[in-house]
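What follows is a short report on a single structure.
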Amino acid sequence: MPSPRTKLSAPPRLPKNGMRITPLGGLGEVGRNMTVFEHAGKLMIVDCGVLFPEEHQPGIDVILPDFTSIRDRLQDIECIVLTHGHEDHIGGVPYLLKERADIPLIGSELTLAFLTAKLKEHRITPKTVQVEAGQKHRAGVFDLEFVAVNHSIPDSLAVFIRTKAGTVLCTGDFKMDQFPLDGRITDLRAFARLGEEGVDLFLTDSTNAEVPGFTMSERDLTPAIDRVFATSPRRIIVSSFASHVHRIQQVLDAAHAAGRKVAFVGRSMVRNMKIASDLDYLDIPKGLVVDFRKIQSMPDHKVTLICTGSQGEPMAALARMANGDHQIQVGEGDTVLMASSLIPGNENAIYGIINKLTDLGANIVHKGNAKVHVSGHASAGELVYCYNIVRPKNVMPVHGESKHLHANAELARKTGVPEKNVVIAQDGVTVDLIAGQAKISGKVEAGLVYVDGQTIGAATEDTLAERRLLSGGGVVTVVALIDPKTHKPVEPVEFLTKGFVHDKKTFQGAAAQVEKALVQTRTDGIDDIAKIEEIVVETVSTHLRRTYRREPAVMAVVIDA
């Protein structure tokens with residue numbers, strides 16, 4: 001089987017008796033989960049999420065899967081199946097529906113409720129099909145059966161796909177918490193039954209594949225959270241994902257027991273918690289939750305605030321509090337409880353916020369110093385159990401960075417899955433299931449698509465490189481007024497700067513180099529102003545790099561006198 005790093009070409013035409021699986025996101029990264037299934041000329045999509053930007057992607061709001069490979073086949077899409085309501089699985093749906101608005105969305109009650117509210121902000125009224133665990137649904141050439149799985153958000157589902165080409169079991173994000181807060185465990189009896197029927201391809205969550213043993217139960221966090229509420233002298237500010245219903249339920253219970261009132265802060269948090277409460281996925285004691293404006297006049301020791309920003313997002317409430325530009329002013333004696341995990345790539349932003357909040361006098365409680373968070377993903381022990389129960393013919397690890405995928409693949413091999421039947425793919429790599437054998441068949445375009453304000457896909461890697469250059473070295477603008485006949489400057493070359501530290505001597509050598517380069521353009525017969533400006537930029541950039549080891553963004557304006 002070819003490695004996904006091997007130079008792959010476009011896949012061949014899919015045989016009638018085959019099924020093609022194409023991950024467009026979620027392999028090699030934590031987020032942006034999206035997988036396309038093709039059979040008999042029709043497509044089905046499982047999840048369509050976003051990836052949150054890292055520090056080296058300045059100015060980007062979110063990152064989408066690349067729809068290029070399916071854009072000319074939008075009418076072939078039977079449905080989008082959504083395994084659960086986290087942003088990394090549903091956040092990209094509005095952008096795909098802008099290309100075809102009537103694609104049916106299939107998911108559980110809470111998942112569809114969260115997504116419908118999000119789509120309303122995009123002015124999209126979706127076509128939805130609500131399903132529940134144990135239910136079957138026919139979507140064109142795909143027969144679907146849904147299985148209850150436990151995750152860090154209620155109402156999560158695995159999906160079993162039956163086609164004439166074979167069967168696929170997608171776990172979605174899951175774990176095997178035996179004591180979940182809502183009493184809804186991962187249905188291993190259904191996994192075993194499907195294993196007996198025959199699972200030709202098993203797509204398994206890899207996020208915690210490197211972690212030995214079993215993921216701790218949500219209930220094991222209760223003592224640590226209760227301790228925070230029992231010992232905090234002033235306000236308690238809790239940061240969490242706006243969709244983390246289980247954790248917020250624990251916080252509400254602790255606040256109620258401690259005699260505190262609670263206010264939700266942030267549009268997405270207020271929206272999602274109202275939805276969860278209205279649908280009875282969140283149990284809020286009467287009178288516990290009050291309006292944010294009302295809670296501001298209460299004594300500090302009676303106040304709990306629940307906000308977004310657990311991943312260091314610069315515009316989220318917690319980051320703004322840390323920077324002092326939020327109406328909530330964090331101060332001495334406040335406790336900040338960070339109740340979410342660290343998504344890889346966000347560590348520096350999160351630690352930066354922790355340091356700022358500490359400087360403001362707050363006590364920070366997080367996963368590193370207290371048992372206040374547990375993962376929503378199965379650890380190695382749970383994955384091995386699943387392999388032994390399901391006994392799949394082929395395995396394709398999904399949802400995770402490369403190290404997670406490889407760790408998951410090794411677990412599959414240890415349980416007896418033959419080496420040739422373990423497929424490690426990457427985003428864009430096509431995997432064909434034909435006659436019971438899964439093999440890599442090619443590759444389609446699956447790059448990062450950046451959302452920057454109202455623009456989608458306009459920002460490129462070159463754009464980000466320029467932004468990093470601007471943030472790291474500042475800007476130098478060279479202005480030259482030249483004689484059109486000789487190209488000699490008729491006035492001294494001027495250097496304008498932003499964010500570039502310099503003194504009177506810094507540009508003396510550069511000015512001489514620019515004058516020499518301008519005269520040379522005349523000798524070389526170059527009269528195109530744009531070309532002359534390119535030469536000036538290269539001249540100044542080279543001089544500053546060689547002389548001062550500085551690399552600002554350099555621009556040039558050349559004007560005929």
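Taking the residues in the range 147-187 that are of a type outside the set (A, V, I, L, M, F, W, C) and assigned to a strand (DSSP E or B) as candidates, determine which candidate is most open to solvent (accessible area, probe 1.4 Å). Explain how you work it out, then say what you get.
Going through the range 147-187, the residues of a type outside the set (A, V, I, L, M, F, W, C) turn out to be 150-152, 154-156, 162-164, 166-167, 171-173, 175, 177-178, 180, 182-184, 186-187.
Checking which are assigned to a strand (DSSP E or B) leaves us with 150, 162-163, 166-167, 175.
On the way: Asn150: 6, Arg162: 46, Thr163: 25, Gly166: 8, Thr167: 17, Lys175: 1 Å².
Filtering the range 147-187 for residues that are of a type outside the set (A, V, I, L, M, F, W, C) and assigned to a strand (DSSP E or B), the one most open to solvent (accessible area, probe 1.4 Å) comes out as Arg162.
Scanning for something modelled with pLDDT of 90 or more, among the β-branched types (Val, Ile, Thr) and touching a Ser or Thr at 6+ places or on another chain (Cβ under 7 Å), does the range 527-538 turn up at least one residue?
Within the range 527-538, one or more residues are modelled with pLDDT of 90 or more, among the β-branched types (Val, Ile, Thr) and touching a Ser or Thr at 6+ places or on another chain (Cβ under 7 Å).
For Asp283, all conditions in the list (1) farther than 25 Å from Ile350 by Cβ; (2) in contact (Cβ under 8 Å) with a residue 40 or more places away in the chain; (3) not β-branched (Val, Ile, Thr) hold save one; what is the number of the exception?
Of the numbered conditions (1) farther than 25 Å from Ile350 by Cβ; (2) in contact (Cβ under 8 Å) with a residue 40 or more places away in the chain; (3) not β-branched (Val, Ile, Thr), the odd one out for Asp283 is (2).
Does the range 411-433 contain at least one residue that is in a strand (DSSP E or B), within 20 Å of the chain's Cα centre (by Cα) and surrounded by 19 or more Cβ atoms within 10 Å (Cβ to Cβ)? Step through it out loud before you land on a result.
Just the residues of the range 411-433 that are in a strand (DSSP E or B), to begin with: 422, 429-433.
So of that shortlist, the ones also within 20 Å of the chain's Cα centre (by Cα) come out as 429.
Next, from what is left, pick out any that are surrounded by 19 or more Cβ atoms within 10 Å (Cβ to Cβ): 429.
Checked the range 411-433: at least one residue is in a strand (DSSP E or B), within 20 Å of the chain's Cα centre (by Cα) and surrounded by 19 or more Cβ atoms within 10 Å (Cβ to Cβ).
Return yes or no: is Ala263 over 30 Å from Thr35 (Cβ atoms), open to solvent by 50 Å² or more (accessible area, probe 1.4 Å) and of a type in the set (Gly, Ala, Ser)? Spell out the reasoning first.
Numbers: over 30 Å from Thr35 (Cβ atoms): yes; open to solvent by 50 Å² or more (accessible area, probe 1.4 Å): no; of a type in the set (Gly, Ala, Ser): yes.
Answer is no for this residue.
Across the range 204-241, which residue is surrounded by the fewest Cβ atoms within 10 Å (Cβ to Cβ) among those that are of a type in the set (A, V, I, L, M) and part of a loop (DSSP other than H, G, I, E, B)? Don't jump to the end; show me each part of the working.
From the range 204-241, those of a type in the set (A, V, I, L, M) are 209, 211, 216, 221, 224-225, 228, 230, 236-238; that's our starting set.
Subset that is part of a loop (DSSP other than H, G, I, E, B): 209, 211, 216.
Numbers: Ala209: 27, Val211: 18, Met216: 15.
Result: Met216.
Is it the case that the range 87-94 has a residue that's in contact with a Cys (Cβ under 9 Å, 6 or more places away or on another chain), hydrophobic (A, V, I, L, M, F, W, C) and surrounded by fewer than 23 Cβ atoms within 10 Å (Cβ to Cβ)?
No, every residue in the range 87-94 fails to be in contact with a Cys (Cβ under 9 Å, 6 or more places away or on another chain), hydrophobic (A, V, I, L, M, F, W, C) and surrounded by fewer than 23 Cβ atoms within 10 Å (Cβ to Cβ).
Restricting attention to the range 480-518, and to residues there that are of a type in the set (Val, Ile, Thr) and surrounded by 16 or more Cβ atoms within 10 Å (Cβ to Cβ), which single residue is farthest from Arg550 (Cα to Cα)?
First, the residues of the range 480-518 that are of a type in the set (Val, Ile, Thr): 482, 486, 490, 493, 497, 501, 506, 514.
When the remaining residues are screened for being surrounded by 16 or more Cβ atoms within 10 Å (Cβ to Cβ), the result is 482, 493, 506, 514.
Values: Ile482: 27, Val493: 20, Thr506: 11, Val514: 17 Å.
This residue is Ile482.
On the given criteria, is Arg545 among the basic types (Lys, Arg), surrounded by 12 or more Cβ atoms within 10 Å (Cβ to Cβ) and assigned to a loop (DSSP other than H, G, I, E, B)? Full working, then the answer.
On the way: among the basic types (Lys, Arg): yes; surrounded by 12 or more Cβ atoms within 10 Å (Cβ to Cβ): yes; assigned to a loop (DSSP other than H, G, I, E, B): no.
Spelling it out, it is not the case that Arg545 is among the basic types (Lys, Arg), surrounded by 12 or more Cβ atoms within 10 Å (Cβ to Cβ) and assigned to a loop (DSSP other than H, G, I, E, B).
Using the structure shown, decide if Ala139 is under 22 Å from Ile161 (Cβ atoms), open to solvent by 30 Å² or more (accessible area, probe 1.4 Å), at pLDDT 95 or above and not hydroxyl-bearing (Ser, Thr, Tyr). Break it down into steps so the answer makes sense when it comes.
Values: under 22 Å from Ile161 (Cβ atoms): yes; open to solvent by 30 Å² or more (accessible area, probe 1.4 Å): no; at pLDDT 95 or above: yes; not hydroxyl-bearing (Ser, Thr, Tyr): yes.
Considered against the rule, which asks whether it is under 22 Å from Ile161 (Cβ atoms), open to solvent by 30 Å² or more (accessible area, probe 1.4 Å), at pLDDT 95 or above and not hydroxyl-bearing (Ser, Thr, Tyr), Ala139 comes out as no.
Might you let me know whether the range 369-379 holds any residue that is more than 30 Å from Asp226 (Cα to Cα) and open to solvent by 50 Å² or more (accessible area, probe 1.4 Å)?
Our first condition is that a residue be more than 30 Å from Asp226 (Cα to Cα); within the range 369-379, this holds for none.
No, because not a single residue in the range 369-379 is more than 30 Å from Asp226 (Cα to Cα) and open to solvent by 50 Å² or more (accessible area, probe 1.4 Å).
Can you pull out the residues in the range 389-410 that are within 22 Å of Asp432 (Cβ to Cβ) and open to solvent by 50 Å² or more (accessible area, probe 1.4 Å)?
Result: Arg391, Lys393, His406.
Which condition number does Arg193 fail, the rest of (1) in a strand (DSSP E or B); (2) surrounded by fewer than 18 Cβ atoms within 10 Å (Cβ to Cβ) being met?
Of the numbered conditions (1) in a strand (DSSP E or B); (2) surrounded by fewer than 18 Cβ atoms within 10 Å (Cβ to Cβ), the odd one out for Arg193 is (1).
What are the residue pairs meeting all of these: first residue in the range 267-279, first residue more than 10 Å from Thr308 (Cα to Cα), second residue open to solvent by less than 30 Å² (accessible area, probe 1.4 Å) and among the β-branched types (Val, Ile, Thr), Cβ atoms under 6 Å, and 6 or more apart or on different chains?
Ala276/Val245
Across the range 104-132, which residue is farthest from Ala148 (Cα to Cα) among those that are open to solvent by 10 Å² or more (accessible area, probe 1.4 Å) and touching a residue at least 60 places away in the same chain (Cβ under 8 Å)?
My answer is Ala117.
Test of understanding: among Asp72, Asp88, Asp61, which residue is within 17 Å of His399 (Cα to Cα) and among the charged types (D, E, K, R)?
Values: Asp72 fails: within 17 Å of His399 (Cα to Cα); Asp61 fails: within 17 Å of His399 (Cα to Cα).
From the options Asp72, Asp88, Asp61, the qualifying one is Asp88.
Within the range 352-368, restricting attention to residues that are part of a helix (DSSP H, G or I) and aliphatic (A, V, I, L, M), which residue is surrounded by the most Cβ atoms within 10 Å (Cβ to Cβ)?
Step one: filter the range 352-368 for residues part of a helix (DSSP H, G or I), giving 352-359.
Cutting the leftovers down to aliphatic (A, V, I, L, M) gives us 353-354, 357.
Numbers: Ile353: 27, Ile354: 19, Leu357: 22.
In this case the residue turns out to be Ile353.
The values are calculated or read from the model by the stated rules, or taken from the named source; none is laboratory data. Bear in mind the structure is a predicted one, so any value in this text is a computation, not a measurement. Cβ atoms come from the backbone with ideal geometry, glycine included; neighbour counts cover every protein chain shown. Ligands, DNA and RNA are excluded from the accessible area calculation, which covers all protein heavy atoms including side chains. Shrake-Rupley method; radii C 1.70, N 1.55, O 1.52, S 1.80 Å.
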